[in-house]
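Here the structure is laid out as structure tokens; the discussion comes afterwards.
The values are calculated or read from the model by the stated rules, or taken from the named source; none is laboratory data. Just so we're clear, the structure is a prediction, and the values are computed from it rather than from any experiment. Cβ sites come from the backbone with ideal geometry, for glycine too, and all protein chains shown count toward neighbours.
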Amino acid sequence: MLEVLDLADNQLTGEITAALGTLSKLRVLDLGANRLTSPIPAVLGGLSELEHVDLSGNQLTGDIPTALGTLSKLQLLDLGANRLTSPIPAALGGLSSLEQLHVSDNRLTGPMPMNLTNLDSLAAFHWEENDRGGTVPLCARSAEAFQDWLAGIADKSGPDCTDRDILAVLYEATDGPNWKTNHNWLSDAPTGDWYGARTGPEGRVTWLDLSENELVGMLPTELGDLSRLEALDLGYNRLTGEVPLSFTNLRSLIAFDWRENDGLCAPDTAEFDTWLATVPRTNGPTCESGTPPVTRLTNHPASDYAASWSPDGTRIVFWSNANAQNHNPQIYVMNADGSGMTRLTNSISNFARGDSTVYRPGWWSPDGSRILFAALDTDMNHDTNFRHLYVMNADGSGQTRLTDGINVAAVARPWSPDGTRIVFWSERGGKPRDLRDERGRQWPDAPYKPRSGGPRRLFSPRMVSRRLQDFVQLRP
């Protein structure tokens, strides 16, 4: 039985015949440096004894067959200098004996699959010059696990994925050409000038707001490689499926909104729940198996919204139109089972818990004894530009105004851990102020654009100037 077939540099033309699939004992197949055309036949994946496959320097087209991923004895796979297209198949991660992988000078596209990190024996890997195949050329994932694996390969060459590449993958996966707004996307403009995106000093994406923008389909796993991302808003679109588990790599994220889509939900896993608990501000559903039990807590001809749990999980504070004077909503509290509904505010002002936005863990003080809220000044003729912060005891008593000036609101985590200070933004100097935490990271809570049909957010990121923090010092 034939074990070695070496016809390299032999001026071969035409197609690679599928008849090669009958050579069950073949160990070496070298057809490099010829003029062969057509796709690579998938039947090669059935040659379980193959150790060496060199098809480089031809004019082969099409995809890399996923069937090649079953060749457990394969040590060398050289497909360089062809016209292969599409991404590298994840199945290649099953080549447990592979020592050399060469795919340079093709038209391969997209970030590499994470499965390649299973190639523990790989000592040489080349993927450069794949920039002719599409929007995103073949590139190495920037995820920490992938880069750690890549660092262990002595002989390697090829580009890493940039944040621009990741956004381009998102664009293609969610029908970017038909978004409501896609200004500058996939253009040569800096990524920070793409609609909804914002970048930091190093050009890395820190902010992405694509809410209400007609995104459809499933989120790509590569989105979890945006390691500097701090705020992500994908709410009010038509996204489906589960939020990728790769999002657990987003360790800088402090705001994530995925509500009101066509089935997009967070995985119901311990790993994802643990990560999600580290994100200060989140809003969106969790995936359920079957129909989850739902208990209605309020029952009256009014609207109830902007609910927030107390720190101990026994009470809920919310905003309601029930029995509101002059149709202005007021603040209520009730027990976790819906009993004991109690009105806490009683004013013709438009009392609201913040700006109608549900924050996590809410505006309860850390010990649950006080509640922070915003209200309009009654002497300002209900002008929405004159909003002030108040604090009251959890039973509604002791309502005290904390701020002066115009247009004041708290941020997502306003209370200091000891409950003695509150951070907020204001327009006292005529411009909104950009807030930063104790490590100098920008707070993404106040600068949001208004959205129709949902909670109002006051400012777009471009309107925010970088200046000071404001603090209210509370006396014991």
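Looking at Arg228, is it closer than 18 Å to Ala168 by Cβ, basic (Lys, Arg), at pLDDT below 95 and out of contact with any Phe, Trp or Tyr (no Cβ under 8 Å at 6 or more places or on another chain)? Give the steps one after another, and end with the answer.
Working: closer than 18 Å to Ala168 by Cβ: yes; basic (Lys, Arg): yes; at pLDDT below 95: yes; out of contact with any Phe, Trp or Tyr (no Cβ under 8 Å at 6 or more places or on another chain): yes.
Spelling it out, Arg228 is indeed closer than 18 Å to Ala168 by Cβ, basic (Lys, Arg), at pLDDT below 95 and out of contact with any Phe, Trp or Tyr (no Cβ under 8 Å at 6 or more places or on another chain).
Is there a residue being on the phi > 0 side of the Ramachandran plot and either part of a loop (DSSP other than H, G, I, E, B) or in contact with a Ser or Thr (Cβ under 6 Å, 6 or more places away or on another chain) (or both) anywhere in the range 182-191? Within the range 182-191, one or more residues are on the phi > 0 side of the Ramachandran plot and either part of a loop (DSSP other than H, G, I, E, B) or in contact with a Ser or Thr (Cβ under 6 Å, 6 or more places away or on another chain) (or both).
So is Ala324 at pLDDT 60 or above and surrounded by 15 or more Cβ atoms within 10 Å (Cβ to Cβ) or not? It is false that Ala324 is at pLDDT 60 or above and surrounded by 15 or more Cβ atoms within 10 Å (Cβ to Cβ). As for the range 195-209, it holds no residue that is touching a Lys or Arg at 6+ places or on another chain (Cβ under 9 Å), of a type in the set (Ser, Thr, Tyr) and under 27 Å from Ala90 (Cβ atoms).
A single member of Leu79, Leu150 is crowded, with 17+ Cβ neighbours inside 10 Å, more than 30 Å from Glu3 (Cβ to Cβ) and either more than 28 Å from the chain's Cα centre (by Cα) or aliphatic (A, V, I, L, M) (or both), and it is Leu150.
Only residues that are in a helix (DSSP H, G or I), surrounded by fewer than 18 Cβ atoms within 10 Å (Cβ to Cβ) and not aliphatic (A, V, I, L, M): list them for the range 259-274, please.
If the condition is that a residue be in a helix (DSSP H, G or I), surrounded by fewer than 18 Cβ atoms within 10 Å (Cβ to Cβ) and not aliphatic (A, V, I, L, M), then Glu271, Asp273, Thr274 are the ones that fit.
Name the strands (runs of 3 or more DSSP E) wholly within the range 35-100 that hold at least 2 residues that are under 17 Å from Ala124 (Cβ atoms) and either not aromatic (Phe, Trp, Tyr) or not assigned by TED's automatic domain parsing to the domain that holds Ala140 (or both)? Break it down into steps so the answer makes sense when it comes.
Working: elements: 35-37, 52-54, 76-78, 83-86.
Fully inside the range 35-100 and qualifying: 52-54, 76-78.
Pull up the range 327-346, narrow it to residues that are among the polar types (S, T, N, Q) and farther than 18 Å from Ala374 by Cβ, then point me to the one that is modelled with the highest pLDDT. Spell out the reasoning first.
Of the residues in the range 327-346, the ones among the polar types (S, T, N, Q) are 328, 330, 335, 339, 342, 345-346.
Add one more test, that the residue is farther than 18 Å from Ala374 by Cβ, and what stays is 335, 339, 342.
Numbers: Asn335: 89, Ser339: 84, Thr342: 85.
Applying the filter and picking the extreme gives Asn335.
Go through Pro366, Pro361 for me and flag whichever is outside any strand (DSSP E or B), at pLDDT below 80 and within 28 Å of Thr295 (Cβ to Cβ). If you could, list the steps in order and put the result at the bottom.
Values: Pro366 fails: at pLDDT below 80.
Just a single option satisfies the conditions, and that option is Pro361.
Restricting the range 84-98 to residues that are surrounded by fewer than 17 Cβ atoms within 10 Å (Cβ to Cβ) and not hydrophobic (A, V, I, L, M, F, W, C), the residue that is nearest to Cys139 (Cα to Cα) is Ser86.
What about Leu116, is it crowded, with 17+ Cβ neighbours inside 10 Å and not assigned by TED's automatic domain parsing to the domain that holds Gly62?
Details: crowded, with 17+ Cβ neighbours inside 10 Å: yes; not assigned by TED's automatic domain parsing to the domain that holds Gly62: no.
No.
What about Ala90, is it touching a helix residue (DSSP H, G or I) at 6+ places or on another chain (Cβ under 6 Å), under 30 Å from Pro220 (Cα atoms), among the small types (Gly, Ala, Ser) and modelled with pLDDT under 95? Yes; evaluated as a whole, the condition is true for this residue.
Could you grab me the full set of residues in the range 126-141 that are crowded, with 21+ Cβ neighbours inside 10 Å, modelled with pLDDT under 95 and not in a strand (DSSP E or B)?
We begin by selecting, within the range 126-141, every residue crowded, with 21+ Cβ neighbours inside 10 Å; these are 127, 130, 136-139, 141.
Now restrict to residues that are modelled with pLDDT under 95: 130, 136-139, 141.
Hits for the range 126-141 are Asn130, Val136, Leu138, Arg141.
For the range 56-76, enumerate the residues that are surrounded by fewer than 22 Cβ atoms within 10 Å (Cβ to Cβ) and either within 34 Å of the chain's Cα centre (by Cα) or more than 20 Å from Glu3 (Cα to Cα) (or both).
Quick first cut of the range 56-76, residues surrounded by fewer than 22 Cβ atoms within 10 Å (Cβ to Cβ) only: 57, 59, 61-63, 65-67, 69-70, 72-73, 75-76.
Gly57, Gln59, Thr61, Gly62, Asp63, Pro65, Thr66, Ala67, Gly69, Thr70, listed by residue number.
What number of residues in the range 216-270 are among the small types (Gly, Ala, Ser), touching a residue at least 60 places away in the same chain (Cβ under 8 Å) and touching a helix residue (DSSP H, G or I) at 6+ places or on another chain (Cβ under 8 Å)? If you could, list the steps in order and put the result at the bottom.
Of the residues in the range 216-270, the ones among the small types (Gly, Ala, Ser) are 217, 224, 227, 231, 235, 241, 246, 252, 255, 263, 266, 270.
Next cut, touching a residue at least 60 places away in the same chain (Cβ under 8 Å) only: 224, 227, 231, 235, 246, 252, 255.
With the extra rule that they be touching a helix residue (DSSP H, G or I) at 6+ places or on another chain (Cβ under 8 Å), the set shrinks to 224, 227, 246.
So the count comes out to 3.
Let's see how each residue does on (1) buried (at least 18 other Cβ atoms within 10 Å of the Cβ); (2) assigned by TED's automatic domain parsing to the domain that holds Leu101; (3) closer than 16 Å to Leu229 by Cβ; (4) not aliphatic (A, V, I, L, M):
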| residue | (1), (2), (3), (4) |
| --- | --- |
| Ala168 | yes, no, yes, no |
| Thr174 | yes, no, no, yes |
| Pro177 | no, no, no, yes |
| Asp188 | no, no, no, yes |
| Thr191 | yes, no, yes, yes |
| Gly196 | yes, no, yes, yes |
| Pro201 | no, no, yes, yes |
| Asp209 | yes, no, yes, yes |
| Glu212 | yes, no, no, yes |
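Yes or no: the range 152-164 includes at least one residue that is over 24 Å from Asp257 (Cβ atoms), of a type outside the set (Phe, Trp, Tyr), assigned to a helix (DSSP H, G or I) and not assigned by TED's automatic domain parsing to the domain that holds Phe256. For the range 152-164, residues over 24 Å from Asp257 (Cβ atoms), of a type outside the set (Phe, Trp, Tyr), assigned to a helix (DSSP H, G or I) and not assigned by TED's automatic domain parsing to the domain that holds Phe256: absent.
Could you list, in sequence order, all residues of the range 101-125 that are in a strand (DSSP E or B), within 18 Å of Gly152 (Cα to Cα), of a type outside the set (A, V, I, L, M) and free of Cβ contacts under 8 Å to residues at least 40 places away in the same chain? I'd like the intermediate steps shown before the answer.
The first filter runs over the range 101-125 and keeps only residues in a strand (DSSP E or B), leaving 101-102, 107-109, 111, 124-125.
Those still in the list that are within 18 Å of Gly152 (Cα to Cα) too: 101-102, 124-125.
From the residues that got through so far, the ones that are of a type outside the set (A, V, I, L, M) too are 102, 125.
The answer is Phe125, and nothing else.
Please find, among Gly196, Gly192, the residue that is in contact with a strand residue (DSSP E or B) (Cβ under 7 Å, 6 or more places away or on another chain) and under 23 Å from Leu239 (Cα atoms).
Values: Gly192 fails: under 23 Å from Leu239 (Cα atoms).
One residue alone meets the criteria, Gly196.
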